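See structure below.
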Amino acid sequence: MPDSHRYTAELANHIEPAWQSRWAELGIDRQPNPGEEGFDASKPRYYCLDMFPYPSGAGLHVGHPEGYTATDIICRYKRMKGFNVLHPMGWDAFGLPAEQYAIQTGVHPAETTRTAIDNFRRQLQRFGFCYDWSREFGTIDEDYYKWTQWIFLKLYDSWLDTDRGDHGAGRSIDELITEFESGDREIRFNPDAAEIPTHLKSQSYDDWSSLDAGVQRDIIDSYRLAYIGEQTVNWCPKLGTALANEEVIDGKSERGGFPVFRKPLRQWMLRITAYAERLLFDLDGLDWPESTLTQQREWIGRSEGAEIDFEIADPPMGVDSTLLRVFTTRPDTIFGATYMVVAPEHPLVDAVLADPRETTDAAALREYVEWARNRSDVERLEGKEKTGKPTGLEAINPATGQRIPIWTADYVLAGYGSGAIMAVPAHDQRDFEFAQEFELPIRDVVYPVQVAAMAHFAAHAPDDTVAGDWRNALADLLGLVTARGSTPADFDSLLAVATSRRRASGNAPDGKAERRGAISGEWLDTVRSLEVETFDEFAELFRDAAYYEAEGGAFSGTGRLVNSSNTQVSLNGLTIPEAKGATLKWLEHSGVGRRKINHKLRDWLFSRQRYWGEPFPIVYDDQGRHHPVAESALPITLPPMTDYKPEVSDEPKPLLAKATDWIRTTAADAHAVGLDPDAKVTRESNTMPGWAGSCWYHLRYTDPANNAAFAGPDAESYWLGEGPNREPGVDLYVGGAEHAVLHLLYARFWHKVLYDLGYVSSNEPYRKLYHQGLILSHAYQRADKSLVPVDEVEERGENNPVETATGEPVTQIIAKMSKSLRNVVNPDDVIAEYGADTFRLYEMYMGPLDQQKPWDTRAIGGMFRFLKETWRLVIDEDTGAPRTTDTADESLKKLLHRTTEKVGGDIERLAFNTAIAAMIEFKNAAQAIEKQAAEKQAGTAALTADQIDRLMRLLAPFAPHLAEEVWHRLGLFDARGPVHTQAWPTFDPAMLADDEIEIPVQIMGKVRGRITIPADADTKTMEQLALADDRIAELLANKTVRKVIAVPKRMVNIVAN
RNA sequence: GGGCCCGUGGCGGAACUGGCAGACGCGGCGGACUUAAAAUCCGCUUCCCGGUGACGGGAGUGGGGGUUCGAGCCCCCCCGGGCCCACCA
């Protein structure tokens, strides 16, 4: 114990670890499960989850404790409010960085990861976070990844039955086979399987038992949620692995920023696209940040349209089909399709290269296709100029009957739709640019009617009025009407508004405005010729017209169809929505096309060619067919290896393939299902991606030691299910916004599959989500925008930072913390200097939790002072004894009730900064009272023992150690136990309001005086009091009071002139 | 190019539903203590004008307009910044 009883860093660093061990001894953070000793079923549940960290060798960053302190405060508060609180922590420990570190150092990643975990745990525990450490686990623990593998087997053994529920439901593969056998289900390949060629999907088979076993197997595999697909993936040679779409940012790997190339590969895929609609529509019920919901919606990228089959005029040999299938959201423009484009990866391109037409420049085509296929994504993103080559093939436009050329171009993506489009250059900007580049024909089929209307107006307008004036007038009008929030019922009233407005402002010397009003009859005729009925429609037309005039190019606005008729259908004169309907009807009737919903979301590439991940519970027989491993044989552990270096190569070589003894085994040894025990098998040598472990950790926390299941049903349903006083899903999930699509989408997918299969009791894993903002740092920038490390800058005078070496002035900016800028803050250093309580308080006080904010080393002192002064208020610094008074100050009494209400309310809405501000205000008020008292009698305390008791309970979630120490010194720890197990203080609503309040009196909206009124004064009383005020009466002396607005408890406003 | 979010003192921010703009903290200035500095304590601190002064007047939440008795908050246009997506037919 330090000699003095002052609150110093030394004292904080003494009491904090001491209380941490005491709490651990008492087990106050242990939350029992239902059925366990000490579980109280009468309490409501609160499951509060932090995104678990990836334990890097660098240790904790200041960003980690931000979210963790926030959840710690909420959990302590909820616990004091009488909840059963589940607040766990663990480690997301498989992944690339550990492996790359292993490559550099030669130390096994398990070893470095365990060291990093120990360091992370020590750092987190030093903050005093109230995690239930008895539930801790890492994704690398064998008894954890055993269940990750188990879930993979469930995905492997499941399919999505699209007939169940609104958007399908997962079921077991056995049930599918039963339905095929019994004839209850049409026997065919999965029509939604992206990896199955179109011609196979259109077939159907009569009798299951008579089918060849290989065909049966292929059909079944096409339904599995985990399947092997050969498709174009993101190949990163530097990392030696393929990556998921979500892991590629701007054409570079998310980890490391290395270039990524597209490459066809045979890999494990998860059929997340089957759940696209569920993942989209279920977002509606979630309490998530709007930006994250939007990102997920956009990533899923639903679009409604049609698929249309174009006949290939003279198909090359060896094509699967003589039809070229396209997806379009604009089937109404089919008469405008003047050419077609297929992706360079499209099978038709290979077919034509093998069997070129007379018109094909095969050499040029081959060269282009190879160039396009091997182009890295970065290169692709750089130049968006259109490139392409004709295939020499032609297709027949089913609407016009015309032969149109088929091109290949890389602006058409292989992975979306069918990798082929009908190009309508008149109404799609990309097609327009391509058509211009290669001089392809453009055929207008949608006529923008407003262009005609404007031309009409220009023709009929008075000589000195041009269409531009008309447009300006309308622009004003749009603003006016929209601002009013009302929409004129018809255009006569619209016009009336316009006319009166023009007249009212018609003081222009040349009388021009007057004339504008006078042409209103013309407007009306023009507007009527547009045949629109609502104001919104009108506004849209106007904006489209303005765009069309300004931009040129393809017209994608509102209009009516022209040039669109054949012997079977005529779209002429129809609006776009009408034309879409008519086209679809005709397409479906003639069998050339049908309605189709497409998603941007692709299936999830699940194989990584790396070492440090979960092995797949899969083996291959000598035919190369995959077989699952028995559940009883899990976990499949990683073989020991010493060399983790990937070969930098264009061909993927899984690292585990080097472990030949492990790879080559027998069915019996591997516990493969359904194979002869002596059969030679090869283990899957890929590993799962880092995301696998984080997809279900929220489930494992509910029952982490369970050996019989990933979680026991009672524990799982209590913590995640719906109940009398609980809603389904994790009650609060806090973590970084960088996971908006990746982890959060994957975890939702797994959770939904497990829900469908009856293993979990909530449809969604995380009901409420919150993102903490990034903690940034200050940095300096030279005039040329280059950055200067902070230690190479000095302040010369006020707000005048200069670069030490050159003396050149630099500007202070806000940037991410980085080693190169030498502005990284190490949490251990801050704790040594101020203690954990100050650190916690500072990070919570910086600003709103979800906002990014710069770290300001100087400002930490403010929070340290707050704690120090609070301490001094209640503890005698000479003796260390509590300082109390017997008589409570009236105003402080009230303020404490108000503070109690404010702090509780602010915690509920995660506004910790204002909660702390309220406590500082209370401290300031108490200090002022103490000073007053000291003038009469030295050494007088401000607070009663009861008030300190309450104050410490308020402070406990924020500064748990200081609160406990004061609590202890008051003798309350011995009498009632730790402050953290006490009830949250209550407040008396009667104490919140004053009897009398001071309110402002305004004249014409400006504050001119103040009056004191009874708090419950009605508007009449307030008005009388206001008018009776001397100063107000004086100011109103020569004025007539027109109106008085009095708002109870707020203000009085007098309208007078 | 598209979407989402945000612009408030020297700085971080507060103002929860349209009702006293700038709570609280940092920094700064002045003072006390000290040989001195640090630490600590006290006072002031949006800007401009007037007054020795308690005070009075004016402007003010990126800019312009609108709605309202009243706008940081609602509506329209513009400017600036951030994040995400990006040839998805």
Requested in this report: Go through the stretch A:844-860 residue by residue and tally those that are part of a helix (DSSP H, G or I) and closer than 16 Å to A:Asp906 by Cα.
Outcome: 2
**Report entry** Tabulated pairs, the stretch A:880-902, first without any contact (Cβ under 8 Å) to a residue 60 or more places away in the chain and in a helix (DSSP H, G or I), second polar (S, T, N, Q) and within 16 Å of RNA strand B (Cβ to nearest atom), C-beta under 9 angstrom, 6+ apart or interchain
**Finding:** A:Lys902/A:Thr914
Report task. Answer yes if at least one residue in the stretch A:551-565 is part of a helix (DSSP H, G or I) and modelled with pLDDT under 85, and no otherwise. Result -> yes
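Every residue, every condition in (1) surrounded by fewer than 17 Cβ atoms within 10 Å (Cβ to Cβ); (2) among the small types (Gly, Ala, Ser); (3) out of contact with any Ser or Thr (no Cβ under 9 Å at 6 or more places or on another chain), yes or no:
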| position | (1), (2), (3) |
| --- | --- |
| A:Leu270 | no, no, yes |
| A:Thr273 | no, no, yes |
| A:Leu279 | no, no, yes |
| A:Gly285 | yes, yes, yes |
| A:Thr294 | yes, no, yes |
| A:Trp299 | no, no, yes |
| A:Glu304 | yes, no, no |
| A:Ile334 | no, no, no |
| A:Val349 | no, no, no |
Report task. Residues being more than 8 Å from RNA strand B (Cβ to nearest atom) and in a helix (DSSP H, G or I): count how many of those fall in the stretch A:907-917. Result -> 4
Report summary line: Of the residues in the stretch A:577-611, those that are more than 37 Å from the chain's Cα centre (by Cα) and surrounded by fewer than 20 Cβ atoms within 10 Å (Cβ to Cβ) come to A:Ala582, A:Lys585, A:Glu588, A:His589, A:Ser590, A:Gly591, A:Val592
Query raised in the report: Considering only residues of the stretch A:817-845 that are crowded, with 22+ Cβ neighbours inside 10 Å, under 31 Å from the mean Cα position of the chain (by Cα) and among the aliphatic types (A, V, I, L, M), which is farthest from RNA strand B (Cβ to nearest atom)?
Result: A:Ala836
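Can you tell me which residue among A:Asn1057, A:Asn1038 is away from RNA strand B (no atom under 14 Å from the Cβ), at pLDDT below 80 and not hydrophobic (A, V, I, L, M, F, W, C)?
On the way: A:Asn1057 fails: away from RNA strand B (no atom under 14 Å from the Cβ).
Of the residues listed, the single one that is away from RNA strand B (no atom under 14 Å from the Cβ), at pLDDT below 80 and not hydrophobic (A, V, I, L, M, F, W, C) is A:Asn1038.
Please go through the stretch A:998-1023 and give me each residue that is more than 7 Å from RNA strand B (Cβ to nearest atom) and surrounded by 15 or more Cβ atoms within 10 Å (Cβ to Cβ), ordered by number. Don't jump to the end; show me each part of the working.
Our first condition is that a residue be more than 7 Å from RNA strand B (Cβ to nearest atom); within the stretch A:998-1023, this holds for A:1001, A:1003, A:1009, A:1011-1023.
Within the stretch A:998-1023, A:Val1001, A:Ile1003, A:Gly1009, A:Ile1011, A:Ile1013, A:Ala1017, A:Met1022, A:Glu1023 meet the criteria.
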Query - Top-ranked residue in the stretch A:389-432 [being within 8 Å of RNA strand B (Cβ to nearest atom) and among the aromatic types (Phe, Trp, Tyr); ranked as surrounded by the most Cβ atoms within 10 Å (Cβ to Cβ)] - result: A:Tyr411
Query raised in the report: Can you tell me which of A:Phe152, A:Phe129, A:Phe120 is under 30 Å from A:Cys75 (Cβ atoms), among the aromatic types (Phe, Trp, Tyr) and assigned to a helix (DSSP H, G or I)?
Result: A:Phe120
Query raised in the report: If you scan the stretch A:804-827, which residues turn out to be assigned to a loop (DSSP other than H, G, I, E, B), modelled with pLDDT under 75 and among the hydroxyl-bearing types (Ser, Thr, Tyr)?
Result: A:Thr804, A:Thr806, A:Ser820
Query raised in the report: Among the residues of the stretch A:972-997, which ones are modelled with pLDDT of 95 or more, over 42 Å from the mean Cα position of the chain (by Cα) and either in a loop (DSSP other than H, G, I, E, B) or surrounded by 17 or more Cβ atoms within 10 Å (Cβ to Cβ) (or both)?
Result: A:Leu972, A:Phe973
Query - Those residues of the stretch A:704-757 which are within 16 Å of RNA strand B (Cβ to nearest atom) and out of contact with any Asp or Glu (no Cβ under 7 Å at 6 or more places or on another chain), in sequence order - result: A:Gly736, A:Ala737, A:Glu738, A:His739, A:Ala740, A:His743, A:Leu744, A:Leu745, A:Tyr746
Query - Pair list, Cβ < 7 Å and 6+ apart or interchain, from the stretch A:731-752 residues that are farther than 23 Å from A:Tyr46 by Cβ to residues that are among the charged types (D, E, K, R) - result: A:Val741/A:Glu246; A:Leu742/A:Glu246; A:Lys752/A:Arg278
Requested in this report: Show the residue pairs that are 6+ apart or on different chains and have beta-carbon atoms under 6 Å apart, the first residue being within the stretch A:983-1007 and over 26 Å from A:Ile1045 (Cα atoms), the second being more than 11 Å from RNA strand B (Cβ to nearest atom) and assigned to a loop (DSSP other than H, G, I, E, B).
Outcome: A:Trp984/A:Lys81
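Tell me the residue from A:Gln937, A:Gln927 that is polar (S, T, N, Q), within 16 Å of RNA strand B (Cβ to nearest atom) and either surrounded by fewer than 17 Cβ atoms within 10 Å (Cβ to Cβ) or closer than 30 Å to A:Asp1030 by Cα (or both), please. Steps first, please.
Details: A:Gln937 fails: within 16 Å of RNA strand B (Cβ to nearest atom).
Exactly one of A:Gln937, A:Gln927 is polar (S, T, N, Q), within 16 Å of RNA strand B (Cβ to nearest atom) and either surrounded by fewer than 17 Cβ atoms within 10 Å (Cβ to Cβ) or closer than 30 Å to A:Asp1030 by Cα (or both), namely A:Gln927.
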Report summary line: By residue number, the members of the stretch A:270-317 that are more than 10 Å from RNA strand B (Cβ to nearest atom), over 25 Å from A:Lys580 (Cβ atoms) and of a type in the set (A, V, I, L, M) are A:Leu270, A:Ile272, A:Ala274, A:Leu279, A:Leu283, A:Leu286, A:Ile312, A:Ala313, A:Met317
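Within the stretch A:99-107, identify whether any single residue is crowded, with 17+ Cβ neighbours inside 10 Å and closer than 22 Å to A:Phe710 by Cβ, and answer yes or no. Explain how you work it out, then say what you get.
From the stretch A:99-107, those crowded, with 17+ Cβ neighbours inside 10 Å are A:99-102; that's our starting set.
Restricting the remaining residues to those that are closer than 22 Å to A:Phe710 by Cβ gives none.
Among the residues of the stretch A:99-107, not one is crowded, with 17+ Cβ neighbours inside 10 Å and closer than 22 Å to A:Phe710 by Cβ, which makes the answer no.
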Query raised in the report: What residue, among those in the stretch A:599-619 that are within 16 Å of RNA strand B (Cβ to nearest atom) and aliphatic (A, V, I, L, M), is farthest from A:Phe327 (Cα to Cα)?
Result: A:Leu605
**Report entry** Answer residue from the stretch A:318-349, given it is touching a Phe, Trp or Tyr at 6+ places or on another chain (Cβ under 9 Å) and part of a loop (DSSP other than H, G, I, E, B) and is nearest to A:Ile576 (Cα to Cα) among those
**Finding:** A:Ala337
**Report entry** Close pairs (8 angstrom Cβ cut-off, 6 or more residues apart or separate chains): under 18 Å from A:Gly593 (Cα atoms) in the stretch A:389-417, acidic (Asp, Glu) and within 14 Å of RNA strand B (Cβ to nearest atom) anywhere
**Finding:** A:Gly417/A:Glu307
Requested in this report: Kindly indicate the residue of the stretch A:433-454 that is more than 16 Å from RNA strand B (Cβ to nearest atom) and not in a loop (DSSP other than H, G, I, E, B) and also modelled with the highest pLDDT among those meeting that condition.
Outcome: A:Tyr447
**Report entry** Flag for A:Ala859 being near RNA strand B (Cβ under 6 Å from one of its atoms), loosely packed, with under 15 Cβ neighbours inside 10 Å and in contact (Cβ under 8 Å) with a residue 12 or more places away in the chain
**Finding:** yes
**Report entry** Meets criteria (β-branched (Val, Ile, Thr), more than 16 Å from RNA strand B (Cβ to nearest atom) and part of a helix (DSSP H, G or I)) for A:Val352
**Finding:** yes
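Kindly evaluate A:Arg430 against the criterion of being of a type in the set (Lys, Arg), under 30 Å from A:Arg560 (Cβ atoms) and outside any strand (DSSP E or B). Don't jump to the end; show me each part of the working.
Values: of a type in the set (Lys, Arg): yes; under 30 Å from A:Arg560 (Cβ atoms): yes; outside any strand (DSSP E or B): yes.
Considered against the rule, which asks whether it is of a type in the set (Lys, Arg), under 30 Å from A:Arg560 (Cβ atoms) and outside any strand (DSSP E or B), A:Arg430 comes out as yes.
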Report summary line: Apart from one, (1) within 7 Å of RNA strand B (Cβ to nearest atom); (2) over 17 Å from A:Gly773 (Cα atoms) all hold for A:Gly880; the odd one out is (1)
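The values are calculated or read from the model by the stated rules, or taken from the named source; none is laboratory data. Because the structure is a prediction, the values reported are computed rather than measured. Because the Cβ atoms are built from the backbone with ideal geometry, glycine has one as well, and the counts that use them run over all protein chains shown.
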